[in-house]
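The values are calculated or read from the model by the stated rules, or taken from the named source; none is laboratory data. Small disclaimer: the values here were computed from a predicted structure and weren't measured. Quick reminder, even Gly has a Cβ in these numbers, built from the backbone with ideal geometry, and neighbours come from all protein chains shown.
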Amino acid sequence: DVKVTQSSRYLVKRTGEKVFLECVQDMDHENMFWYRQDPGLGLRLIYFSYDVKMKEKGDIPEGYSVSREKKERFSLILESASTNQTSMYLCASSPGARSYTFGSGTRLTVV
Amino acid sequence: QKEVEQDPGPLSVPEGAIVSLNCTYSNSAFQYFMWYRQYSRKGPELLMYTYSSGNKEDGRFTAQVDKSSKYISLFIRDSQPSDSATYLCAMSAGIGTNAGKSTFGDGTTLTVKP
């Protein structure tokens, strides 16, 4: 089974901190994605990557950046955390168009 | 207007009922149609996918795609309390730029009562 592992289930950070969310997949998938999920707003795409060192902005990239130095790892960076970035963050990977495998999510609280 | 609209719910049904979950879409380039199930505090997991129009059955679950109407459905027969979850539809074009990127509905929360 494909596994997507997110490094933390729960995180509490202070306003202004630089925050790193790590995601690792073990099935050699080309595509990786970062979403945030908020009640009433569904899944919103932050960034995605089709290949190593490549990244594309999603629908809500402001305040975030990403890094993909190796194929299996896709990191989301909050440059200066703010309270409106409190959310559930979901990483996903896929080999193509038809199926994503999601991680279990990181619930981030910024205080 | 969103590219994918999903019936918002929430839905509450008695055990054993037939459940219908529905999405409409506007992008005629979509070729792959997926349903994901998300339990509370977990990531979504792929339930089924369908390519182009038609039906696909997997146990108690049936996915239907009507591309002429831009309408997809997921039917759950003999619903069980363990089916209680949020269901997300998703779609992708599969070709061209952003071929691997899916567009998701907002989800419908289903509760099946014993």
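Can you list residue pairs whose Cβ atoms sit under 8 Å apart, with the first residue in the stretch B:4-25 being more than 13 Å from B:Thr86 (Cα to Cα) and the second being basic (Lys, Arg)? Count only pairs 6 or more apart in sequence or on different chains.
Matching pairs, first to second residue: B:Val13/B:Lys113; B:Pro14/B:Lys113; B:Glu15/B:Lys113; B:Ile18/B:Arg77; B:Thr24/B:Lys70; B:Tyr25/B:Lys70.
Name every residue in the stretch B:16-30 that is more than 11 Å from B:Lys70 (Cα to Cα) and not in a strand (DSSP E or B), in order of residue number.
B:Gly16, B:Ala17, B:Ile18
Restricting attention to the stretch A:53-72, does a residue exist that is within 13 Å of another protein chain (Cβ to nearest Cβ), over 16 Å from A:Gln6 (Cα atoms) and buried (at least 20 other Cβ atoms within 10 Å of the Cβ)?
No, the conditions are met nowhere in the stretch A:53-72.
Checking B:Leu110 against (1) buried (at least 19 other Cβ atoms within 10 Å of the Cβ); (2) more than 10 Å from chain A (Cβ to nearest Cβ); (3) without any contact (Cβ under 8 Å) to a residue 12 or more places away in the chain: exactly one of these is not met. Which one?
For B:Leu110, the failing item is (3).
For the stretch B:12-32, name all the residues that are modelled with pLDDT under 95 and closer than 23 Å to B:Glu57 by Cα.
B:Phe30, B:Gln31, B:Tyr32
Just give me the residues in the stretch B:36-54 being assigned to a strand (DSSP E or B) and within 13 Å of the chain's Cα centre (by Cα), in sequence order. Walk me through it before giving the result.
Just the residues of the stretch B:36-54 that are assigned to a strand (DSSP E or B), to begin with: B:36-38, B:45-51, B:54.
Hits for the stretch B:36-54 are B:Tyr36, B:Arg37, B:Gln38, B:Glu45, B:Leu46, B:Leu47, B:Met48, B:Tyr49, B:Thr50.
For A:Leu43, are the conditions met, namely being touching a helix residue (DSSP H, G or I) at 6+ places or on another chain (Cβ under 8 Å), under 21 Å from A:Tyr10 (Cβ atoms) and not acidic (Asp, Glu)?
Details: touching a helix residue (DSSP H, G or I) at 6+ places or on another chain (Cβ under 8 Å): no; under 21 Å from A:Tyr10 (Cβ atoms): yes; not acidic (Asp, Glu): yes.
In short, no.
Being in contact with a Gly (Cβ under 8 Å, 6 or more places away or on another chain), part of a strand (DSSP E or B), surrounded by fewer than 18 Cβ atoms within 10 Å (Cβ to Cβ) and at pLDDT 90 or above is true for just one of A:Arg44, A:Arg107. Which residue is that? Steps first, answer last, please.
Values: A:Arg107 fails: in contact with a Gly (Cβ under 8 Å, 6 or more places away or on another chain).
Criteria check complete, one pass: A:Arg44.
Can you tell me which residue is nearest to the chain's Cα centre (by Cα) among those in the stretch A:73-97 that are surrounded by fewer than 20 Cβ atoms within 10 Å (Cβ to Cβ) and within 10 Å of chain B (Cβ to nearest Cβ)?
A:Met88
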